Amino acid sequence: MSDIKYIIAGEDGENTRFPCLAMVRYAMAAAVSLLAVGVIVLVIHAVFRSEDVHLSVNNGYIGADRLWDRTPVLSPHEQLGNIGATNNIKASAVVVHSKAPADVSETQLKHESTIDDDVGSSSIEPLPKECFLGCNSGDGETTTQYTLKKPSTSNLRVILIASNPSGRTKIDCGDTTVSLIDMSSPYKPIGEPLKLENFTVPPQTTITMQKRLKITDTTYIWDNYAGELRFSVRLQVSSTVTSYPLGKTHIKQQKYTCQPVTVGLVDVEDIFATDRVDCRAS
């Protein structure tokens with residue numbers, strides 16, 4: 001069977017074979033042009049885009065000087081002369097020097113700890129569970145019982161790490177506030193928001209910031225965590241972030257969420273601290 005050739009007359013009177021090839025060429029040229037324009041736009045956007053600071057919580061831990069205070073349990077004779085002196089008593093703890101087994105559970109550690117008279121905080125020295133209410137330690141030394149009460153203040157040490165991995169521009173952060181939200185329902189704030197001083201993170205640099213959050217109304221911590229060594233919170237940061245790509249100023253309001261973060265006594269940080277907790281920008 002012989003080949004059949006299709007001949008179509010063009011407007012100029014000449015005959016053109018396969019006119020669809022010309023259309024394909026035009027389409028490919030248009031596509032290449034659009035691709036080139038798209039690449040140029042992406043490059044411009046990348047060059048002029050704003051930068052964002054990266055935040056994290058050091059060791060995922062916020063150290064507290066105290067979450068509760070304690071007083072010794074009075075003898076029966078002393079109690080007769082001090083009726084009514086035990087307001088705000090919430091729980092009992094024990095201080096003892098004991099040769100306890102090494103495999104004491106975390107629950108026991110939480111309630112059975114040695115208390116430092118100087119700072120009013122707790123350092124772990126585990127006791128047998130049955131000694132919680134007072135017993136002989138095995139070497140002739142008896143336990144001493146304490147009552148816990150609401151502290152007048154609680155100081156929380158907040159340490160944030162800010163990094164700028166970009167090599168293009170410094171990053172300024174202003175009007176920065178840090179809030180602690182209890183992760184237990186109903187997600188109540190812990191203290192007032194903490195305001196940080198303005199800070200700058202140079203390119204490819206990491207800085208560490210530390211500030212104390214002083215809580216004067218300790219009612220919420222006392223009502224929910226009396227006798228506890230730690231509890232979990234969500235740390236929220238709000239900041240005005242400014243960067244300068246190629247000298248052009250970019251300003252944006254940025255929010256960060258860091259969770260879960262542990263609030264706990266300073267003396268037990270080595271036990272309960274974890275790797276740093278990275279904050280997610282939103």
Discussion item. Quick check on region 249-265. Is at least one of its residues open to solvent by 30 Å² or more (accessible area, probe 1.4 Å) and among the small types (Gly, Ala, Ser)?
Written reply: no
Worksheet item: Consider residue 207 against the criteria (1) open to solvent by 10 Å² or more (accessible area, probe 1.4 Å); (2) farther than 13 Å from residue 172 by Cβ; (3) among the aliphatic types (A, V, I, L, M): it satisfies all of them except one. Which criterion is unmet?
Response: (2)
Practice prompt. Give me the pairs, please: first residue somewhere in region 239-254 and assigned to a helix (DSSP H, G or I), second residue anywhere and open to solvent by less than 70 Å² (accessible area, probe 1.4 Å), beta-carbon distance under 8 Å, and either six or more positions apart or on two chains.
Written response: 245/47; 245/50; 245/51; 245/169; 246/47
Fill in: Test result for residue 258, assigned to a strand (DSSP E or B) and under 30 Å from residue 148 (Cβ atoms)
yes
Practice prompt. Kindly indicate whether residue 216 is under 29 Å from residue 153 (Cβ atoms), surrounded by fewer than 14 Cβ atoms within 10 Å (Cβ to Cβ), among the β-branched types (Val, Ile, Thr) and in the same structural domain as residue 177 (by the TED database).
Written response: yes
Discussion item. Could you tell me how many of the residues in region 208-238 are touching a residue at least 40 places away in the same chain (Cβ under 8 Å) and more than 16 Å from the chain's Cα centre (by Cα)?
Written reply: 13
Worksheet item: Could you say whether any residue in region 267-274 is assigned to a loop (DSSP other than H, G, I, E, B), closer than 29 Å to residue 154 by Cβ and either open to solvent by 20 Å² or more (accessible area, probe 1.4 Å) or touching a helix residue (DSSP H, G or I) at 6+ places or on another chain (Cβ under 9 Å) (or both)?
Response: yes
Practice prompt. Any chance you could count how many residues in region 247-282 are in contact with a Lys or Arg (Cβ under 8 Å, 6 or more places away or on another chain) and among the aliphatic types (A, V, I, L, M)?
Written response: 6
Discussion item. If residue 229 satisfies all but one of (1) under 24 Å from residue 271 (Cβ atoms); (2) at pLDDT below 95; (3) open to solvent by 20 Å² or more (accessible area, probe 1.4 Å), what's the number of the condition it fails?
Written reply: (3)
Discussion item. Of everything in region 177-203, what is buried (at least 16 other Cβ atoms within 10 Å of the Cβ) and over 15 Å from the mean Cα position of the chain (by Cα)? Give them in sequence order.
Written reply: 191, 196, 199, 201
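The values are calculated or read from the model by the stated rules, or taken from the named source; none is laboratory data. Computed from a prediction, not measured in an experiment: that's the story for all the values here. We place every Cβ from the backbone using ideal geometry, glycine too, and count neighbours over all the protein chains shown. All accessible areas refer to the heavy atoms of the entire protein, side chains included, with ligands and DNA or RNA removed. Shrake-Rupley method; radii C 1.70, N 1.55, O 1.52, S 1.80 Å.
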